[in-house]
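What follows is a set of notes on a single structure, which appears directly below.
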Amino acid sequence: MDLKVNLQKDSYKIYIKQGLLDHILEYIEPLCKGKQVMIISDDQVYSHYGQKLTQQLSQRYRVGQVVIPHGEQSKRFDILPDIYHQLLAFHLTRSDAIIALGGGVIGDLAGFVASTFLRGVQFIQIPTSLLAQVDSSVGGKVAVDLPEGKNLVGAFKHPGAVFIDPLTLKTLDQRYINDGMGEVIKYGCIFDQSLFQQLLSYTSFDDLYQDIDEIIYRCVDLKRIVVEKDLLDFGDRLALNFGHTLGHAIEQYYHYEKYSHGEAISIGMVQLSLIAEKKGLTQKGTADQIKKALDLYHLPYIAHIPTEELKKAMALDKKNINQKLSFVLLKEIGDCFIYPSDLSFIDESREV
């Protein structure tokens, strides 16, 4: 399966194929015309796939590696100088390429490095987590975190291509399968009631895996449609932030140590829907439907954080423009809308 994100000069293809990593050189060689590539990965992912990727690419390129500790804590601004120094020591040039091998953290970090080093070098995405495969590897948003909040320093850097091999999910811990399912459920909630109902029809992720290529394709295609309409995240693309305004604040509150991204946005989706139901903005029972999907894929829906504490983190959200936030709400499953408000919107609930 493959599809194309049509962005004029920034257009790129997304390939979805089981076993693709076994033949990656034949896909990358037409794209990367330089003599060198630098793989940026984390210690867990590199231990599984780094040698396979390096051996193949070494047939055509001089290959380097930057391997960082896994986890959101590594996606921080102060890690950048060391990475830039390693790229300089490798003598990476503007005709060469950076390859992101990993989940959402690596994709964000490597993409930001590629957008800034030498004012921009070519960038290839090889997402290995479910969350990255269905969401973060597509769309060109790259960023690093500051102590005050998530993704506060970033850029738009579209990859030359995205290569998705669903077999990499076989080496993921169960928690990070569940993490990715938070984003899959999000797509059903905001755009596709039939996808949402399909997710409820399985008994577990193992049952769902028989259709994993189709599900990844559907999520990526939904994101492609939105990105093509709204490249810079000021209009239709805001819908992709369902659950994220609360979710990012929850991650920040716990210093990225208690909840993964998918877990935090799962909480955000339910709690925001409960508030919207109380205000008559969302159909009654919608939050319960989301809870049913989250239960099936072992995701949380409440964090028991006082609302006033969360508002402090939300005040620093990059989507907070002129003290206004664009909350993504559901009319019902599969039908979302943007609701401009301020931080007082969540005062309806004492805790989230």
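Worth pointing out:
- Total residues in the range 174-190, condition aromatic (Phe, Trp, Tyr) and modelled with pLDDT of 95 or more: 1
- Filtered residues of the range 311-342 (kept if modelled with pLDDT of 90 or more and of a type in the set (A, V, I, L, M)): Val328, Leu329, Leu330, Ile333, Ile338
- Only one of the numbered conditions (1) open to solvent by less than 10 Å² (accessible area, probe 1.4 Å); (2) at pLDDT 95 or above is not met by Tyr202, and that is (1).
- Residue that is modelled with the lowest pLDDT, among those in the range 227-242 that are closer than 20 Å to Leu329 by Cβ and open to solvent by less than 10 Å² (accessible area, probe 1.4 Å): Arg237
- Counting only residues that are at positive phi and either assigned to a helix (DSSP H, G or I) or touching a residue at least 60 places away in the same chain (Cβ under 8 Å) (or both), the range 323-352 holds 1 of them.
- Filter result for the condition that a residue is open to solvent by 20 Å² or more (accessible area, probe 1.4 Å) and β-branched (Val, Ile, Thr), over Ile265, Ile338: Ile338
- Helices (runs of 4 or more DSSP H) contained in the range 195-262 and holding at least 2 residues of a type in the set (S, T, N, Q): 244-253
- Condition check for Asp288: open to solvent by 10 Å² or more (accessible area, probe 1.4 Å), in contact with a strand residue (DSSP E or B) (Cβ under 7 Å, 6 or more places away or on another chain) and of a type in the set (D, E, K, R): no
The values are calculated or read from the model by the stated rules, or taken from the named source; none is laboratory data. Treat the numbers as computed from the prediction; the structure is a model and nothing was measured. Heads up, the Cβs are rebuilt from the backbone with ideal geometry, glycines too, and the neighbour counts pull from every protein chain shown. Calculation scope for accessible area: heavy atoms of the full protein, side chains included, ligands and nucleic acids excluded. Shrake-Rupley method; radii C 1.70, N 1.55, O 1.52, S 1.80 Å.
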